[in-house]
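Let me begin by presenting the structure, written as structure tokens, before commenting on it.
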């Protein structure tokens, strides 16, 4: 049994019909995700490599604040799109049964992950810590590998040519202007 076949056992179409219930599931997922990846792991990274970085105040406050606001706003918009258009949540065990291509998903193939990474990078810039900066780099690399090795093949298998056409039209990480 391969890791992909094991993962596919976890991915199931959502059977939840209520938008409120979908939002509740998404918020629970978010609370757990944020607690682990946006609080606990950066805290650990900062304590493992606490060296301060000489970022100017405009970077620490301005750019970090902008990234955090954009990331959180995009993340909320994506949850709304998943709940309404996809009738699902970002959880693999509650996945959409139809390909979501509206909202930010029409501009970027991975807007949820991009939004989460924006918040992690905002933390790295604001804290100006070598450990958190290295954590942001590692999470960015891991996110890319997970998308290419896990998410893309699974979505190709589930949605076929429709997903392939979507990939040809919508960029993975950087939206076209």
- Could you check the simple spin-label distance between residue 34 and residue 156, using points 7 Å along Cα→Cβ, in nm with one decimal? 3.5
- Extended-chain gain in nm, criterion 0.36 nm per residue less alpha-carbon gap, residue 177 and residue 52: 41.5 nm
- Note on the structure: Checking 38, 146, 113 against a Gaussian network model of the chain (alpha-carbon springs below 10 Å), the top fluctuating residue turns out to be 146
- Query: Using the alpha-carbon atoms, what tilt in degrees (0 to 90, nearest 10) does helix 19-33 show relative to the longest principal axis of the chain?
  - Reply: 40
- Where the convex hull is taken over the Cα atoms of the stretch 37-169, what is its projected area averaged over directions, in nm²? 8.5
- Query: Want the number for residue 148 to residue 107: 0.36 nm per residue separation, take away the alpha-carbon distance, what's left?
  - Reply: 13.0 nm
- Message: At 222 nm, what value in deg cm²/dmol follows for the chain if DSSP H runs of at least 4 each add -39500 (n - 2.57) and the sum is divided by all its residues, to the nearest 500?
- Response: -18500 deg cm²/dmol
- Message: Between residue 24 and residue 70, what's the calculated FRET efficiency when r is the beta-carbon distance and R0 is 25 Å? Round to 0.05.
- Response: 0.50
- Between the stretch 100-166 and the stretch 59-96, what's the alpha-carbon centroid distance in Å? 11
- Message: Once you keep just the Cα pairs under 8 angstrom separated by 6 or more residues, what percentage relative contact order results for the stretch 37-169?
- Response: 35
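No lab work stands behind these numbers, since they all come straight from the coordinates. Keep in mind that what you see is a predicted model, and the values were worked out from it rather than measured. All Cβ positions, glycine included, derive from the backbone under ideal geometry; neighbour counts span all protein chains shown.
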